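Below: the structure, in structure tokens.
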Amino acid sequence: MRFSFLKVAVCVFLVLWGSIYLGCAGENIKDKDNELYREIELFSDVVTIIQSDYVEEAEPKKLVYGALEGMLSSLDGYSHFMDPESFKEMEIETKGEFGGLGIEIGIRKGVLTIIAPLDGTPAEKAGLKAGDKIVKINGELTRDIKLIDAVKKLRGKPGTKVELTILREAEEKLLDFTIERNIIKLKSIKTAKMLDKETGYIKLIEFQEKTPRELEGKLLKLKNKGMKALILDLRNNPGGLLDTAHEVADKFLAKGKVIVSLKGRIPAQNKVYKSRGKRHFLDFPMVVLVNEGSASASEIVAGAIQDNQRGIILGSKTFGKGSVQTVIPLKDGSAAKLTTAVYYTPSGRSIRDTGIIPDVEVALKEEKELPEEEDVFKKLEEKDKKKEKEEVIYDNQLQAAVDVLKGILIYAGREQ
């Protein structure tokens, strides 16, 4: 009964799809239409063989879901199929709270790769880095793993542990990590403060719906405190919403400046985003900090600032995502996440796999320093005299940004 139903369903799909496609297509694409129709017939043949000869009776939905997963994941490292459960998990994640490690991942050159560890999460605290390749999860090789399957393995209840084997190419060795899952609460802005009397600092860790409003509020507070220069820190920011990237870049550009352009296969996917001039913050120099964990929306903002000569990009080369994905819900509660466009910086650059090259390249060198002796004793008293020492990490990239802005301010003062 199942076999007959599935066969009829596939045949009906073939007839209906062929009719719709032929009805919409012109004579010049009939050959392609016929070719695709023949390939879908091949799919129907394989389904028929599985249903008649496979050792166990196969569930129709499992077959179709498996085919959809394979079909979408074969396109690129960011397109994939989500069953209803996975789609619900994705919706929960966009609300900003879920159980997991706190890493953004993707398939790059066929290998499961960390785009960025999110600040303050178990992954970041354990020492995972952007660009790390996950070669094993709980002892199982990740060769040919689908992105959605990797997400399922990494997510889980807080308090449970995941064992990862990481290939860190820069160090030419394999590293083992055992990381305990926790509730991941995604913030938009981690830090907004004055570094000195003139230099403001904002650490933006993800592009969410609320980000533009929060950013504007932080900028106004810093200006009221005397800010004359800004460091916008996008390091290890894996991205987020395209519209949010547009609005963030918009705050630093004069009206009518190109921020990013999208190009897809059909005219409806082609779009140019420009600054709209609702509220601008133009009266101070700025440095944007980036690294290999800066991806997607972060690269859009950095590219817009760089190409419009609004500020200086400092740090190391960004991840190089350069494409836009659209989530398309399906009628049974599942969804297809599909790459629908490639984006270009204002000067027309595509950054796919190449990333944004900083104006000033500064590699991160972490130097751990112990606090002053009196601070150590204070910490011991606060923690019931537990034997522990707090480490302070010197951030040479941040210091370089401060130095660049100080130079700009001094030069501007001399010109007046």
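The values are calculated or read from the model by the stated rules, or taken from the named source; none is laboratory data. Keep in mind that what you see is a predicted model, and the values were worked out from it rather than measured. Don't worry about glycine lacking a Cβ; one is built from the backbone with ideal geometry, like all the others, and counts go over all protein chains shown.
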#### Entry: Number of positions in the range 44-78 that are more than 16 Å from Asp144 (Cβ to Cβ) and of a type outside the set (A, V, I, L, M)
15
### Query
Taking the range 147-182 as the region of interest, how many residues are in contact (Cβ under 8 Å) with a residue 24 or more places away in the chain, of a type outside the set (Val, Ile, Thr) and not in a strand (DSSP E or B)?
11
### Message
Restricting to the range 333-348, name every residue that is in contact with a Lys or Arg (Cβ under 9 Å, 6 or more places away or on another chain) and not β-branched (Val, Ile, Thr).
### Response
Gly333, Ala341, Tyr343, Tyr344, Pro346
### Those residues of the range 205-222 which are outside any helix (DSSP H, G or I) and in contact with a helix residue (DSSP H, G or I) (Cβ under 6 Å, 6 or more places away or on another chain), in sequence order
Phe207
### Message
For Lys379, only one of the following conditions fails: (1) exposed (fewer than 14 other Cβ atoms within 10 Å of the Cβ); (2) modelled with pLDDT under 90. What is its number?
### Response
(1)
## Note on the structure
A careful count of residues in the range 115-144 that are free of Cβ contacts under 8 Å to residues at least 40 places away in the same chain, of a type in the set (A, V, I, L, M, F, W, C) and touching a helix residue (DSSP H, G or I) at 6+ places or on another chain (Cβ under 8 Å) gives 2
### Task
Identify the residue in the range 321-339 that is within 18 Å of His246 (Cα to Cα) and without any contact (Cβ under 8 Å) to a residue 60 or more places away in the chain and, among all such residues, is surrounded by the most Cβ atoms within 10 Å (Cβ to Cβ).
Gly322
### Query
Is it true that Ile356 is part of a loop (DSSP other than H, G, I, E, B), closer than 23 Å to Phe284 by Cβ, aliphatic (A, V, I, L, M) and at pLDDT 95 or above?
yes
#### Entry: Filtered residues of the range 290-320 (kept if modelled with pLDDT under 95 and either surrounded by fewer than 24 Cβ atoms within 10 Å (Cβ to Cβ) or touching a His at 6+ places or on another chain (Cβ under 6 Å) (or both))
Glu292, Gly320
### Query
From the set of residues in the range 223-277 that are of a type in the set (Lys, Arg) and in a loop (DSSP other than H, G, I, E, B), which is surrounded by the fewest Cβ atoms within 10 Å (Cβ to Cβ)?
Arg265
### Task
Please tell me if Asp144 is outside the structural domain of Val290 (by TED's automatic domain parsing), surrounded by 13 or more Cβ atoms within 10 Å (Cβ to Cβ) and at pLDDT below 90.
no
### Query
Which one of the conditions (1) in contact with a strand residue (DSSP E or B) (Cβ under 6 Å, 6 or more places away or on another chain); (2) closer than 23 Å to Leu282 by Cβ; (3) modelled with pLDDT under 95 does Ile205 fail to meet, given that it meets all the rest?
(2)
#### Entry: strands (runs of 3 or more DSSP E) lying entirely in the range 72-141 (those with 1 or more residues that are of a type in the set (Ser, Thr, Tyr))
111-117
### Query
Would the range 46-68 turn up any residue that is loosely packed, with under 14 Cβ neighbours inside 10 Å, touching a strand residue (DSSP E or B) at 6+ places or on another chain (Cβ under 7 Å), part of a loop (DSSP other than H, G, I, E, B) and not assigned by TED's automatic domain parsing to the domain that holds Gly110?
no
#### Entry: So Gly23, is it modelled with pLDDT under 90 and over 30 Å from Lys317 (Cβ atoms)
yes
#### Entry: Selection within the range 332-350 - farther than 20 Å from Ser298 by Cα and part of a loop (DSSP other than H, G, I, E, B)
Asp332, Gly333, Ser334
### Task
Determine the pairs where a residue that is in contact (Cβ under 8 Å) with a residue 40 or more places away in the chain, located within the range 205-225, has a partner that is in a strand (DSSP E or B) and charged (D, E, K, R) with Cβ atoms under 7 Å apart, the partner being 6 or more residues away or on another chain.
Ile205/Lys190
### Failed item, numbered, when Gln309 is tested on (1) under 25 Å from Ala229 (Cα atoms); (2) in contact with a strand residue (DSSP E or B) (Cβ under 8 Å, 6 or more places away or on another chain)
(2)
